[in-house]
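Working notes, structure below.
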Amino acid sequence: MSDSVGSSSITVPEGFTLHTENTSHILISSKEEAFLNPVQEFNRDLSVACIRVWSEEINREKETKWKQAQERRAKREAEGEAKTGQQKRAKTESTEPSTDGPEDDLVAGDVHTTGGTSEGNKREVLYRPHKFVLLEALSATGLRSIRYAKEIPLVRFVIANDLSASATAAMKRNVELNGLGPSSHGPVDSASSSMVSEHQPLPDRGKVRINEGDACALMYSHRTEKTRVDVVDLDPYGTAAPFIDGAVQCVNDGGLLCVTCTDLSVLATTNYHEKCFSNYGGIPVKAEYCHEAALRLVLNTLSTSAGRYGRYIQPLLCLSIDFYVRLFVRIHSAPIEVKKTASKTAMYFICQGCQSFYEQPLGRTVEKVHERSGNVNLLFKTQAGPPVPPKCTECGCALHVAGPMWSGPLHDNRFISKVLEHLESNQDKYGTAVRMKGMLTVANEELHVPFYFTPSRIAGFFHSICPPLDDVASALLNAGHTVSRSHALPGSLKTDATRQDVHDVFRSWVKKHPVRMDKVSETSLARQLLAKEARKEANFAKHPRSVTQASKVKLVRYQQNPAPNWGPGTKADSGTKRKREEEHE
């Protein structure tokens with residue numbers, strides 16, 4: 001990455017401040033004409049790394065397909081030449097007497113030359129790397145688009161869009177500042193380009209192309225197969241729900257969709273469940289694992305939106321970060337895969353007392369192997385349920401319904417490993433590389449099962465002292481279960497054990513560290529949980545694969561507050577309100 005503009009050589013106009021992030025520089029107006037949150041540098045760093053790795057992967061896929069096509073073509077040409085040679089040879093033998101080898105070689109050589117494949121006439125064909133187009137629907141200052149254009153080698157160009165006139169003015173200023181604007185010939189639109197002579201080269205429109213307009217209208221204008229883009233990035237202030245339908249349509253097959261939602265007050269609590277349902281088509285969860293549920297609600301929205309158009313999603317990396325969720329999802333087209341989405345969607349029954357959860361899949365996929373041919377047929381069936389009685393089987397409290405939400409994997413381990421490899425060799429190119437490595441490592445180790453728990457929260461339910469994280473993990477591992485951490489919350493654990501198995505570990509812990517029952521109310525949750533005996537005594541001996549043993553490398557796995565009063569920030573003034581105020585003065 002070359003920095004075409006040095007920050008020391010930039011003249012900052014009056015009323016502006018210079019903001020530098022990695023190799024990019026932008027001018028921020030004191031009038032707040034466009035929104036920029038410096039805390040989101042981690043989001044932008046992560047996005048650059050993920051999109052870059054995706055672009056290299058899809059380029060590798062296309063190169064492999066190209067080589068296979070070239071091999072098939074060469075094979076067909078060779079077979080065609082051999083067939084033509086045989087026909088000519090047969091014709092020669094039928095009209096002339098048989099000759100020696102050199103004449104046969106001459107005839108064959110003539111055929112080879114005519115086909116244009118002789119050594120002297122052969123033209124070397126080389127693979128051209130796949131350059132992709134990226135659309136950022138809500139660009140604001142344009143910093144993200146500028147970074148994409150400067151830091152991702154395979155970017156052909158970036159379409160940076162915003163509805164606000166003041167934001168697009170800021171984008172134009174910042175794009176020119178970074179040397180990514182159009183050439184001196186000026187921009188060319190689709191209407192004027194047809195008037196340019198075919199002998200005259202088209203003017204350069206720049207690597208970042210700015211558009212002022214509605215994001216949905218722009219994406220809908222790119223939804224036909226010939227006009228689709230390879231990557232769409234949605235990073236709005238608040239929910240991305242209004243833009244998802246257009247986004248899943250305008251991404252190329254195998255393309256990447258990047259989505260940010262900052263409305264966790266809607267996604268991660270039941271305070272606004274009606275708003276969550278209207279935005280995302282599901283009821284949220286009020287429990288300690290609410291941030292993972294938020295990810296699954298957004299994924300379900302992406303999945304159902306894509307399914308309407310015969311498309312399905314492949315989650316590559318979905319993270320709950322600070323005050324927002326960030327998802328990287330590939331979009332594919334395949335009707336058979338769309339039919340499987342019901343089996344990756346579930347309702348959840350959440351206990352309002354001990355926070356146990358019970359999964360109710362909406363469907364299931366059954367594989368049926370044909371006896372004679374061995375072919376595998378897929379049968380799609382509805383799921384029987386509900387899985388539990390009206391009350392929680394652990395504590396007897398009422399159950400609340402949540403969902404529907406995505407119940408499949410949140411991450412693709414192969415993709416995360418590639419991003420970590422890229423990060424290992426490019427740490428100096430990312431300001432938040434240390435935190436990126438930590439969070440990606442945790443995500444890569446994370447089990448593909450829904451929801452986590454924290455020992456401290458469950459110990460609170462039992463009114464007991466909290467066991468060490470390593471002791472709880474070891475007890476579950478010694479019982480034959482698998483355990484990992486969750487990226488969404490420090491001190492959390494994920495396991496394939498049932499919540500009853502987890503509670504049995506704590507019942508065994510309480511036997512070694514008794515609870516003063518005289519301090520516990522007769523109607524408390526602790527009495528309900530302790531009324532049951534553990535089915536099997538837990539073994540707290542340290543297990544070699546415990547989570548603390550597996551993470552000896554010191555990593556910044558979870559975010560520390562980066563600045564005082566940090567958070568989503570204040571939405572930028574669009575300019576309309578300010579103009580009205582000036583008119584009334």
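The values are calculated or read from the model by the stated rules, or taken from the named source; none is laboratory data. The model shown is predicted, which means the values in this text are computed figures rather than measured ones. Don't worry about glycine lacking a Cβ; one is built from the backbone with ideal geometry, like all the others, and counts go over all protein chains shown. These accessible areas exclude ligands, DNA and RNA; they are computed on the full protein's heavy atoms, side chains included. Shrake-Rupley method; radii C 1.70, N 1.55, O 1.52, S 1.80 Å.
In plain terms, the chain from GLU424 to GLU367 could stretch by 16.4 nm, reckoned as 0.36 nm per residue minus the Cα-Cα distance. Does anything in segment 327-350 have its amide N under 15 Å from the 7 Å Cα→Cβ label point of VAL376, and if so which residues? Only 336-337, 340 fall inside the zone, counting backbone N under 15 Å.
Report the FRET efficiency, 1/(1 + (r/R0)^6), for ASN271 and ARG76, where r is their Cβ-Cβ distance and R0 is 56 Å, rounded to 0.05. Can you show the working numbers first?
Values: r = 65 Å, r/R0 = 1.16.
The computed FRET efficiency comes out at 0.30.
A 1.4 Å probe over all protein chains sorts SER425, SER305 by accessible area into SER425, SER305, starting with the largest.
Of the peptides 222-230, 511-519, 395-403, the ranking by mean beta-carbon count within 10 Å, highest at the top, reads 395-403, 222-230, 511-519.
Taking a 31 Å limit on the Cα-Cα distance, which of the listed pairs LYS62/LYS275; LYS65/LYS172; LYS172/LYS226 fall beyond it? Walk me through the intermediate numbers first.
On the way: LYS62/LYS275 42 Å; LYS65/LYS172 39 Å; LYS172/LYS226 27 Å.
In this structure, LYS62/LYS275; LYS65/LYS172 lie more than 31 Å apart at Cα.
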